[in-house]
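Taken together, the values in this text are just the output of simple stated rules run on the coordinates, not laboratory data. Keep in mind it's a predicted model, so treat the numbers as computed, not measured. So basically every Cβ, Gly included, is an ideal-geometry build from the backbone, and we count neighbours across all protein chains shown.
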Amino acid sequence: MKTLNRRKFIGGLLATGIVLQIPPGAMAMFPSKAKSVKAGLITDLHQDVIHNGSERLQDFLRYMKKTEPDFIMQLGDFAYPNDKNKALIDQFNDAHPIALHVIGNHDTDSGHTKAQCLSYWKMPARYYTKEVNGVCFIILDGNDKGSPTHKGGYPAYINDEQKAWLQQQLKEINKPIVIVSHQPLAGVLAVDNAAEIQDILSASADKILLAINGHTHIDCQLFVKNINYVHLNSASYFWMGGEYKHNSYSEEIHKSHPWISSTCPYQDALFTTLTINPANGTILIEGRKSNWAGQSPEALNYKDKTGLTVGKEIVPFISKRKIRSTSFVG
């Protein structure tokens, strides 16, 4: 079996960062001398699709052990909640006293349920709030059914019950907030009622530092109605679809893991840290760079039906991004 190209994480940091801005309100909510908050983030591992998901997770956990974040989080499409994946799930949960989960659309494939996710992953609820060092992370479940505009495929929706809960959280919480979801709340492949959710978040923009998501397997950032939305890239691959089937690994691997043929995998696991530093009013997302394993989307003449661009959003890396409060200068 072909192994991962194990370059050092620091060697993969992008040299240049993308500087963004946020309104000053959320940073102003920190008390004086507040601690920074560092999160270790990984999304879309797809243990049940990729052949070396365990190795990719180990790369993430090894780096997080060295960098010592305040918590770790996976943003969905992680590993089916069953006995076959229990050892991998336990490795993640046991790697840090605070190990958080988000339910992705593929986590309930093959007859698996949200109840199993809660049990195997040890989640408190399908959507919940977790405070770390004075920052409240609101974790949403974008897999609700009942969308009046659903056009087939996986549900992508925040239903009325969850929406009311979100509004209540935003009303009651008087601390800086980070919104976390699997499906994006803005941009390509966003939940069906994205515009409505954006309005809800915009009304509390003075509390919200940013919103982060997985699901799209792209590298992207948007600024919508005073909220920064960041799409974090997959740990494993970009999904190409059946019309672009090709082999990136050995025949043996593709025979045992046939879905890989519809992807362009990354040589290295992609993951990142997010550091919120109230002392200088910044949020830093570390970048990690890899390469395509096998043919690239460009070489395969890939054309994205949603308007994404190869080399822009469709890339084998996570960009380094610095989000700075407008109340801090210099």
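Looking at this model, which pairs from Lys130/Lys171; Lys33/Lys320; Lys84/Lys114 are more than 19 angstrom apart at the alpha-carbon? Can you show the working numbers first?
On the way: Lys130/Lys171 16 Å; Lys33/Lys320 26 Å; Lys84/Lys114 17 Å.
Among Lys130/Lys171; Lys33/Lys320; Lys84/Lys114, the Cα-Cα distance tops 19 Å for Lys33/Lys320.
Pull out the extension gain between Thr326 and Ala28, defined as 0.36 nm times the separation in residues minus the alpha carbon to alpha carbon distance; nm, one decimal.
Numbers: separation 298, 0.36 × 298 = 107.28 nm, distance 1.07 nm.
Contour length minus the Cα-Cα distance gives 106.2 nm.
To the nearest 500 deg cm²/dmol, what mean residue ellipticity at 222 nm is calculated for the chain from DSSP H runs of n ≥ 4 alone, each contributing -39,500 (n - 2.57), summed and divided by the residues? Spell out each step's value before the answer.
Details: 7 runs with 64 residues, N = 330.
Rounded to the nearest 500, the figure is -5500 deg cm²/dmol.
In whole Hz, what ³J(HN,Hα) sequence does the range 132-145 give by Karplus (6.51, -1.76, 1.60; θ = phi - 60°), x for Gly and Pro?
Per residue, the Karplus-derived 3J(HN,Hα) values read 9, 6, x, 10, 9, 9, 9, 9, 9, 10, x, 9, 5, 8 Hz.
How many nm is it between the label spots at Lys114 and Asn93, if each spot is 7 Å from the Cα in line with the beta carbon?
1.9
Work from the charge dipole of the range 210-327 (Cβ charges, +1 for Lys and Arg, -1 for Asp and Glu, about the Cα centre) and give the residue of Gln295, Phe238, Thr282 farthest towards its positive end.
Comparing the listed Cα positions along the dipole, Thr282 ranks first.
For a footprinting-style exposure proxy, rank Tyr128, Tyr120, Tyr266 by other Cβ within 10 Å, fewest first. Walk me through the numbers before you get to the answer.
On the way: Tyr128 17, Tyr120 21, Tyr266 28.
Starting with the residue having the fewest Cβ neighbours, the order is Tyr128, Tyr120, Tyr266.
Using Cα-Cα distances under 8 Å and only pairs 6 or more residues apart, what relative contact order does the range 163-252 have, in percent? Walk me through the numbers on the way to the answer.
On the way: 126 pairs, mean separation 22.0, N = 90.
With pairs under 8 Å counted, the relative contact order is 24 percent.
Students often forget the sequence filter, so: which lysines lie under 17 Å Cα-Cα from Lys66 once same-chain residues fewer than 8 apart are removed?
Lys8, Lys38
Assign unit charges at the C-beta atoms only (+1 for Lys and Arg, -1 for Asp and Glu), then state the dipole size of the range 170-210 relative to its Cα centre in Debye, rounded to the nearest 20. Provide the component values of the computation, followed by the final result.
Details: 3 positive and 5 negative charges, 41 e Å.
In debye, rounded to 20, the range 170-210 gives about 200.
Using only Cα atoms, find the angle between the long axis of helix 53-67 and the longest principal axis of the chain, and express it within 0 to 90 degrees, rounded to the nearest 10.
Here the helix axis deviates by roughly 40 degrees.
Using a Cα-Cα cut-off of under 18 Å, which lysines could be cross-linked to Lys255, ignoring same-chain neighbours fewer than 8 residues away?
Within the straight-line cut-off, Lys255 pairs with Lys2, Lys245.
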